[in-house]
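The values are calculated or read from the model by the stated rules, or taken from the named source; none is laboratory data. Note that the coordinates shown come from a computational prediction; the quantities given were computed from them, not determined experimentally. The protein model used for the area step is the full one, side chains on, heavy atoms only, and it has no ligands, DNA or RNA in it. Shrake-Rupley method; radii C 1.70, N 1.55, O 1.52, S 1.80 Å.
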Amino acid sequence: MFDIGWSELLLVAVLAIIFVGPKDLPRVMRTAGRYAGRMRAMAREFQNSFEDLARESELDELRREMASLREQTTMRPLADVGTPMPEVRPNEALPSEAGPAPVIASEPAPASDKHEAGPA
């Protein structure tokens, strides 16, 4: 983040000893440490508030999506509820599965000539 090398730190330490003096230096360092801690705490709180805001916006978005899904999946009444269901007997196939309608003959079907002659 900050590019501070050892030479810069040594320069700051020498200047602090010269201007503050060795007697008051521990008190100044303690005060500077407290301020640095407060700034870090404020930065952490600021960052946490942004993360909370992001989580809340994601939750709001998820809530909206769930509500829209609920609206789409609610059961709507069918238009043809009043029409009766076709009666299906146990041995009959449904009309869509049956294919062509069977022919019901009152007389037996005529036999072909090949079968009447018998084996040749």
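Some points to look at:
- Estimated vicinal HN-Hα couplings, Hz - the range 57-62 in sequence order (Karplus 6.51, -1.76, 1.60; Gly, Pro = x): 5, 5, 5, 4, 5, 5
- A probe of 1.4 angstrom, applied to the heavy atoms of all protein chains, finds Val28 with accessible area near 60 square angstrom.
- Each of Leu62, Leu25 has its accessible area taken with a 1.4 Å probe; listed largest first, they run Leu62, Leu25.
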